[in-house]
Structures are given as C-alpha cells and as structure tokens.
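Novice: Below is one structure. I have some questions about it.
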Amino acid sequence: MAGAAAAAGAGLSVVVVDFADRPGGQYFRHRSVHPTVARLLADVRFLAGHRVFAISAGFVVHTQIQQVRADAVLIATGAHDRQVPFPGWDLPGVFAAGGAQALVKGHGVLPGRRIVVAGTGPFLLPVAAGLVGAGASVVGVFEANDPARFVRFPGLLARHPGKLVEAARYLAVLARHRVPLRTRHCVVAAHGDDELSAVTVARVDRSWRPVPGTARRISCDTLAVGCGFTPQVELGLALGCASRLAADGGLVLTVDDRQATSVPGVYAAGEVTGVGGYRLAMASGALAGLAVAGRSSARLVRSRARHSAFAAALPLVYPVPDGWISGLAGDTIVCRCEEVRFDAIRAAVELGVQDARAVKLLTRAGMGWCQGRICGQSVASMTGTPPAADALAAMAWRTLAQPVLLGDLAAMEGERE
Amino acid sequence: MTDHVVFDGRSLPMVPGQSVAAVLLAAGIRSWRTTRVFGRPRGLFCGIGVCFDCLVTVNGTASVRACVTEARPGDVISRAV
C-alpha cells in the first residue's frame with residue numbers, strides 16, 4: 001500500500017492486486033477499512049480478491065479473474081507464520097499465532113476458550129494480549145527464547161523506545177489478567193484424540209532441547225503457536241529474481257537500495273525482502289514505489305535504516321535452533337498436506353539423500369496443497385542445518401503461486417506468448 | 001433477524017464480513033475435513049489462506065479455503081469430499 005501510494009503520488013498509474021477481499025494485509029486487519037489504508041489507496045486502482053498465480057515477463061499479472069498488464073511490478077506478498085512440527089501439532093485446536101489473531105481482529109471470533117500461546121518472537125505478545133482483550137482465558141504464554149538477550153544490544157531499545165512502550169503495553173494487559181508468561185519454555189507436545197485437550201510444556205535449553213524433569217501438562221482447548229515468519233517469495237522466484245538467506249535463516253528476495261530485484265522492472269518490499277514488521281514494510285514499500293518513478297526520499301531511507309537495524313537484532317534474540325528435531329516422534333507429521341511422518345523423512349536422509357528437493361521427491365513432503373509453505377523450512381532443516389539458500393529455494397519454488405481452476409484459465413482471453 | 005448459512009443441514013448464524021471458517025468456529029465446529037491417508041480431522045490452522053487445511057465445499061464449489069472465503073447469507077457449506 002505504501003508503495004502504491006508513493007508511486008501514485010509520483011504520478012504513475014498504479015493497480016494494487018490484492019489476494020484479500022479487503023485491503024490492509026495481515027497487519028491492518030480490521031472489520032472495516034482502516035483510515036491509514038483508505039488514505040494510502042485513495043489514488044490507486046484496487047483489485048480485491050484477485051489471486052495472482054503467475055507473473056509473466058513483460059509483465060502480465062495473472063489472476064483467476066483477469067490479467068493485468070504492467071511496465072513494472074512491486075512484489076509485496078508478505079509472510080506467514082513459521083512453524084516447527086511437534087507431536088500433535090496437526091490436531092484441530094492448534095492454530096498459527098497469526099491465524100488466531102486474524103480470527104479475533106478480522107472476524108470477531110475467538111479460536112477457543114482455554115488458550116495457550118507459544119513459540120518465539122515479539123509477535124506472541126500482541127497475539128496473547130488480543131486474545132485476552134477479546135475475552136479468552138489465556139492460561140499461559142510460553143516464549144522459547146529469552147528476550148533478556150536484548151541487553152546484548154545496548155542502545156537498540158533506547159533508539160527504538162516505541163517498541164519498548166508497545167511491549168510494555170501488551171505485558172500490562174497480560175499482567176492485569178494474570179496471564180503467566182514463561183521464557184525459555186516450549187510446547188513440546190499437543191494431546192487429544194480428535195481435538196486438542198492438553199499440551200505438554202517444558203523448559204528448554206538454548207538449542208530448544210527440553211530439560212529433563214521440567215515437563216508439565218496443561219489442559220487447554222486451543223494453542224496459538226508461531227516461530228517468527230516465512231516470507232512468501234514464490235512470485236519473485238518464478239520471475240527469476242535472485243534470493244538469499246536472511247539472518248533468520250529464511251529465504252528472501254535480494255534487493256538493492258532502491259528495492260529493485262535482480263530482474264529489471266521487478267521491485268520488492270516488505271517481509272519478502274526481510275522480516276521486519278510493518279514500519280519497515282511501510283518505509284521499504286514507499287521507497288520501492290518512488291524508485292519505480294525514478295525518485296527517492298532521504299527521510300524514508302533513514303526510516304528504513306532505523307527499522308532494519310531493529311529487525312536485524314530479532315533473529316539473534318529470537319532464533320529458531322534445531323533442537324526441536326530431537327523432540328519429534330517417528331509418527332509426528334512433518335508435512336501436513338501429504339501426511340508425511342518424521343520417520344519417512346529420517347529414512348530418506350539415512351538412505352543418503354542430501355538435499356531437500358530429493359527428500360521432497362522421495363517422500364512427497366512439500367508436494368501437497370500448500371506446496372511446502374508450512375513444512376519447507378523444517379524439511380530443509382532435516383537435510384542440513386542450517387539449510388542453505390538453494391535448499392530453501394527448492395522447497396519454495398512454485399510454478400503456480402495459487403491454485404487456479406482450469407475453467408478460469410479457459411475463460412480468460414489469452415494472448416499466446 | 002440474523003443472517004444464516006447452512007452447514008451439513010444445520011443452520012448456523014453468521015455476521016456479514018466473517019469468513020466461512022469464522023462462522024464454523026463461532027458455532028463450535030473445529031474440524032470439517034478428514035485427511036486422505038490417515039483419516040485425521042482438520043479444521044483451521046494458519047487462518048490466512050496458505051496451509052489449505054480448512055478446505056470446504058461452498059455452494060457446490062469444492063476445495064474452497066474457508067478462512068479466506070467470505071460467508072454470504074444462504075450459503076450452503078458442506079464437508080470437502
């Protein structure tokens with residue numbers, strides 16, 4: 001949105017092609033259009049509910065409804081919650097942290113009654129506070145890392161007082177509702193027959209290995225879990241954009257200081273260029289929009305640098321080490337879509353399979369509906385830790401970014417390339 | 001007079017703007033699909049349209065992601081085949 005507004009402000013003709021029915025992405029997820037969103041999109045043509053399944057050279061943006069021609073493309077497809085598998089994570093009642101928040105913020109519905117929030121990252125706090133604020137009973141918030149690590153970056157929080165104030169606000173909400181918050185604790189298993197009825201929580205070491213003797217069972221009907229975010233880079237990869245490993249171990253599109261990718265005419269901004277939250281996304285988005293028009297802004301460059309500096313510390317304070325692999329049982333589902341269990345992946349690795357793509361071909365992990373979005377990084381971690389960029393790219397490559405009906409394809413007036 | 005959708009023959013209340021998944025969850029329905037290999041129940045997981053766990057049939061159209069499909073009054077929703 002920031003990119004669209006900046007480009008439109010610079011005199012360009014702009015179309016926003018948005019997957020969702022309402023603008024705002026994951027952050028501005030309100031029941032009606034947020035004023036900031038409305039202001040940004042005032043001079044822009046907004047196509048709602050358009051699911052981009054491919055972008056071809058030249059450029060043609062293909063959606064299930066229509067195709068849109070453009071001279072330049074700005075990819076700002078955001079990110080989704082990152083997950084690591086654990087026994088029972090496929091039970092109904094286990095939700096991604098972002099999904100739990102989306103239900104409350106966007107749909108006015110609670111995901112359940114007795115909720116545990118777990119995983120890692122600053123995002124857990126607004127999720128928990130939002131659930132509590134909506135009337136849920138949050139029985140515990142379990143952060144696998146230790147945010148006290150921020151002291152290793154003296155001055156960082158002092159340079160970003162807003163973040164501290166924001167965190168303090170969420171902590172105050174949790175304290176007011178007497179929600180216990182434990183650091184260095186993980187949910188190591190979820191239990192239930194056909195839906196969640198309890199989780200096992202344990203203290204963990206720096207590698208996320210459970211400390212013996214610390215496990216305890218907590219009854220709950222809902223678990224909201226997330227370990228940071230995985231950028232949605234497939235449209236950029238399909239266009240041939242260069243990608244690289246970000247500091248958090250995820251795959252991002254490589255951009256220069258104008259937010260231009262390695263493919264002429266293709267720009268990228270927001271989480272696809274590095275997970276960093278909405279302020280960084282707004283700054284990089286606006287710079288991308290200006291760059292398409294051949295312009296820049298010193299103020300925005302400073303803002304981007306400021307917020308990038310904070311974002312750079314996050315994977316160091318909230319890493320996702322590979323100790324979670326040791327908590328998997330042989331029958332733990334790793335690929336949810338194809339129901340590939342850990343023992344199948346372990347067997348492939350023991351056969352001598354060295355790369356993620358070969359594991360995918362042998363086990364079907366990553367071949368299901370979600371095309372490896374949820375399991376890709378986990379599977380890549382099982383073939384080599386930390387996974388290299390090409391292993392992640394192999395799991396992130398999707399010819400079609402979204403499913404499309406053959407009927408919709410046939411109904412389109414096409415031009416043969 | 002609240003709006004309603006029909007799910008598996010049951011009338012469920014809905015609020016305009018809610019997704020099909022939100023309507024189902026608000027009614028206490030937490031799973032509406034079973035997996036192909038092990039027959040395990042699935043409902044909502046990622047909530048934002050990327051995991052495809054929440055597939056449901058809406059007005060005869062199969063494999064619709066319930067979490068990113070807006071519920072409309074009178075929609076007939078049934079379990080994914």
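Only the coordinates and a few stated rules stand behind these numbers; no lab work does. Worth saying up front: this structure is predicted, and the values here are computed from it rather than measured. Backbone-built Cβ (ideal geometry, glycine too); neighbour counts: all protein chains shown.
Novice: Residue check: is A:R51 within 14 Å of chain B (Cβ to nearest Cβ), within 24 Å of A:R336 (Cβ to Cβ), of a type in the set (D, E, K, R) and within 21 Å of the chain's Cα centre (by Cα)?
Specialist: Working: within 14 Å of chain B (Cβ to nearest Cβ): yes; within 24 Å of A:R336 (Cβ to Cβ): yes; of a type in the set (D, E, K, R): yes; within 21 Å of the chain's Cα centre (by Cα): yes.
Considered against the rule, which asks whether it is within 14 Å of chain B (Cβ to nearest Cβ), within 24 Å of A:R336 (Cβ to Cβ), of a type in the set (D, E, K, R) and within 21 Å of the chain's Cα centre (by Cα), A:R51 comes out as yes.
Novice: Ok, one more. Tally the residues that are assigned to a loop (DSSP other than H, G, I, E, B) and facing chain A (nearest Cβ under 7 Å), restricting the search to the stretch B:16-40. First the steps, then the outcome.
Specialist: We begin by selecting, within the stretch B:16-40, every residue assigned to a loop (DSSP other than H, G, I, E, B); these are B:16-18, B:27-30, B:35-40.
Pick out the ones that are also facing chain A (nearest Cβ under 7 Å) and you get B:17-18, B:30, B:35, B:37-38, B:40.
So the answer is 7.
Novice: At the interface with another protein chain (Cβ under 8 Å from one of its Cβ atoms) and surrounded by fewer than 16 Cβ atoms within 10 Å (Cβ to Cβ) - does that describe any residue in the stretch B:57-68?
Specialist: yes
Novice: Does B:G43 satisfy the criteria of being more than 7 Å from chain A (Cβ to nearest Cβ), free of Cβ contacts under 8 Å to residues at least 24 places away in the same chain and of a type outside the set (D, E)?
Specialist: So B:G43 fails the test.
Novice: Just give me the residues in the stretch A:350-367 being in a loop (DSSP other than H, G, I, E, B) and surrounded by 21 or more Cβ atoms within 10 Å (Cβ to Cβ), in sequence order. Even if it seems obvious, please write down each step before you answer.
Specialist: Start the filter on the stretch A:350-367 by keeping residues that are in a loop (DSSP other than H, G, I, E, B), which leaves A:351-355, A:364-367.
A:A365, A:G366 - these are the residues of the stretch A:350-367 that are in a loop (DSSP other than H, G, I, E, B) and surrounded by 21 or more Cβ atoms within 10 Å (Cβ to Cβ).
Novice: Further question on the same structure: In the stretch A:93-129, which residue that is more than 7 Å from every other protein chain (Cβ to nearest Cβ) and in a loop (DSSP other than H, G, I, E, B) is surrounded by the fewest Cβ atoms within 10 Å (Cβ to Cβ)?
Specialist: A:R113
Novice: Hey, another quick one. Could you tell me how many of the residues in the stretch A:259-288 are of a type outside the set (S, T, Y), in contact with a strand residue (DSSP E or B) (Cβ under 6 Å, 6 or more places away or on another chain) and on the phi < 0 side of the Ramachandran plot?
Specialist: 7
Novice: Could I ask something else about it? What residue, of A:T214, A:T183, is away from chain B (no Cβ under 14 Å), under 26 Å from A:E271 (Cβ atoms) and surrounded by fewer than 17 Cβ atoms within 10 Å (Cβ to Cβ)?
Specialist: A:T183
Novice: Within the stretch A:50-70, does at least one residue satisfy the condition of being in a loop (DSSP other than H, G, I, E, B) and closer than 30 Å to A:C220 by Cα?
Specialist: The answer is no, given that none of the residues of the stretch A:50-70 is in a loop (DSSP other than H, G, I, E, B) and closer than 30 Å to A:C220 by Cα.
Novice: Which of the residues spanning the stretch A:186-211 are touching a residue at least 12 places away in the same chain (Cβ under 8 Å), of a type in the set (A, V, I, L, M) and surrounded by fewer than 20 Cβ atoms within 10 Å (Cβ to Cβ)?
Specialist: A:A198
Novice: Among the residues of the stretch A:300-349, how many are among the small types (G, A, S) and either within 14 Å of another protein chain (Cβ to nearest Cβ) or not in a helix (DSSP H, G or I) (or both)?
Specialist: Adding up the residues that qualify gives 3.
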